[in-house]
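Let me begin by presenting the structure, written as structure tokens, before commenting on it.
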Amino acid sequence: MFRLALIGAGGKMGCRLTDNLLKTDIPVTYVEIGEEGLNNLAVRGLSPTPQDEAVRGADVVVLAVPDVSIGTVTESITPEMKTGAILVLLDPAALYMNEVRLRDDIAVFVTHPCHPPVFNYDATPEERRDFFGGIKAPQAIVCALHQGTEENYGRGEYIAKTIYAPVTRAHRITVEQMALLEPTMAETIGAALATLAKEAMDTAVMNGVPPEAARDFMLGHINIELGIVFGEAGNPFSDAAKVAIEYGRRRLFRDNWQELFLLENVREQIDVMLHPEKLMYTIK
């Protein structure tokens, strides 16, 4: 048995983790200082523990705090951790940018949810409404051991499967590979394209298409288009659609967009995420 300290336990992410940890017999101390977060703990019948007390007694410390705060938070947490304890991060950004205070005698484990997949054919209505995962819908997760032993990895993966449950698969990757997945693949590109699709729908409405018709048309087409592109639908795009796709790619995308995956550009994306004030100076 091990003791776990959850930092930021009453926040948005912290509450997701708290709710799953309450289903287990893992001894947990919950750390929270925000008024709203304290209220969130109170409605769950939980009382907060002072940070220094929680961290000193923990074998595992999980940080459920915003990316931009991780560097500052670890300045006070890492020195208090027991030798051999595991620091668990829920995002690779701050670690990849060397903004996390480390110690040679602790392990560092990173994990992130994949979220429930679009193609989830056996999902119940409740599972289909669980877009984030960790409530009803099964999801895969990714895990990386930045430093530590294989035993540390095993415990970290066990914790990750617990806080993100129900979990279908745990993919072991590196911290650098996790940074390629997020922000670059999933947010810089994937979320930007999703935002563009919504803006396209809104623009159709601005040009006179009834909102309900535009929404039904867009979401239905996104469904079949994803099915075709990812090999789920069993049929190709029509010849006319292929022409429209190529026309759209030439108008919408830069020829060098894949350079976003170059490591120096990945670091720039993460740097901007952690320091939003830099955004206006980085896009060329």
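The values are calculated or read from the model by the stated rules, or taken from the named source; none is laboratory data. Keep in mind the model is a prediction, meaning the values are calculated, not measured. Here the Cβ is made from the backbone with ideal geometry for all residues, glycine too, and neighbour counts use every protein chain on show. In case anyone asks, the SASA skips ligands and DNA or RNA and just uses the protein heavy atoms, side chains included. Shrake-Rupley method; radii C 1.70, N 1.55, O 1.52, S 1.80 Å.
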**Item:** Condition met for D239 (open to solvent by 70 Å² or more (accessible area, probe 1.4 Å) and either touching a Pro at 6+ places or on another chain (Cβ under 6 Å) or of a type in the set (D, E, K, R) (or both))
**Value:** yes
**Request:** Determine if segment 47-64 includes at least one residue that is of a type in the set (A, V, I, L, M, F, W, C) and modelled with pLDDT under 95.
**Result:** no
**Message:** Is it the case, given these coordinates, that L226 is touching a residue at least 40 places away in the same chain (Cβ under 8 Å) and more than 30 Å from L95 (Cα to Cα)?
**Reply:** yes
**Filter pass, K82 being without any contact (Cβ under 8 Å) to a residue 12 or more places away in the chain, on the phi < 0 side of the Ramachandran plot and among the basic types (K, R)** = no
**Message:** Can you tell me which of (1) free of Cβ contacts under 8 Å to residues at least 40 places away in the same chain; (2) surrounded by fewer than 15 Cβ atoms within 10 Å (Cβ to Cβ) is the one V118 doesn't meet?
**Reply:** (1)
**Asked** Which pairs have Cβ atoms under 6 Å, sit 6 or more apart or on different chains, and link a residue in segment 165-191 that is touching a residue at least 12 places away in the same chain (Cβ under 8 Å) and within 21 Å of F131 (Cα to Cα) to one that is open to solvent by less than 50 Å² (accessible area, probe 1.4 Å) and in a strand (DSSP E or B)?
**Response** V167/I141; T168/A140; R169/A140; A170/I141; A170/C143; H171/V142; M178/V142; M178/A144
**Fill in**
Of E268, E212, the only residue that is open to solvent by 70 Å² or more (accessible area, probe 1.4 Å), free of Cβ contacts under 8 Å to residues at least 60 places away in the same chain and in a helix (DSSP H, G or I) is E212
**Request:** Quick one: in segment 1-44, of everything that is open to solvent by 70 Å² or more (accessible area, probe 1.4 Å), out of contact with any helix residue (DSSP H, G or I) (no Cβ under 7 Å at 6 or more places or on another chain) and part of a loop (DSSP other than H, G, I, E, B), which residue is nearest to I106 (Cα to Cα)?
**Result:** R3
**Message:** Given the criteria closer than 28 Å to F230 by Cα and either modelled with pLDDT under 95 or of a type in the set (A, V, I, L, M, F, W, C) (or both), does K161 qualify?
**Reply:** no
